[in-house]
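Undergrad: Mind having a look at this structure? Questions to follow.
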Amino acid sequence: MKVIKVEGMHCDACVDRITKAMTEEGLKFEVSLPNKTVTIDETDEEQIRTALETLDDLGFEGVVE
């Protein structure tokens with residue numbers, strides 16, 4: 001499991017956008033608004049890269065913790 005910190009996530013609409021985009025990419029993940037994180041179930045670097053690129057495409061900066 002890898003945790004990506006997403007400081008720019010601040011509301012339910014952000015969670016919805018991230019959830020939709022990550023689902024479309026076929027990723028297994030969990031979004032936490034209180035923690036401002038996206039947890040990727042896989043540790044495969046390709047999955048992490050896809051998650052980071054997806055966040056970037058949405059305008060969010062993701063940082064792997």
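Laboratory data are not the source of any read-out in this text; all were calculated from the coordinates shown. Since the structure is predicted, the reported quantities are computational estimates derived from the model, not experimental observations. Here Cβ is always computed from backbone atoms with ideal geometry, including for glycine, and neighbour counts include all displayed protein chains.
Undergrad: Among the numbered criteria (1) surrounded by 13 or more Cβ atoms within 10 Å (Cβ to Cβ); (2) in contact with a Phe, Trp or Tyr (Cβ under 9 Å, 6 or more places away or on another chain), which one does GLU7 miss?
TA: The number of the failed condition is (1).
Undergrad: Report, by residue number, each residue of the stretch 27-63 that is in contact with a Ser or Thr (Cβ under 8 Å, 6 or more places away or on another chain) and of a type in the set (D, E, K, R).
TA: GLU30
Undergrad: Give the number of residues within the stretch 17-65 that are exposed (fewer than 11 other Cβ atoms within 10 Å of the Cβ) and assigned to a strand (DSSP E or B).
TA: 0
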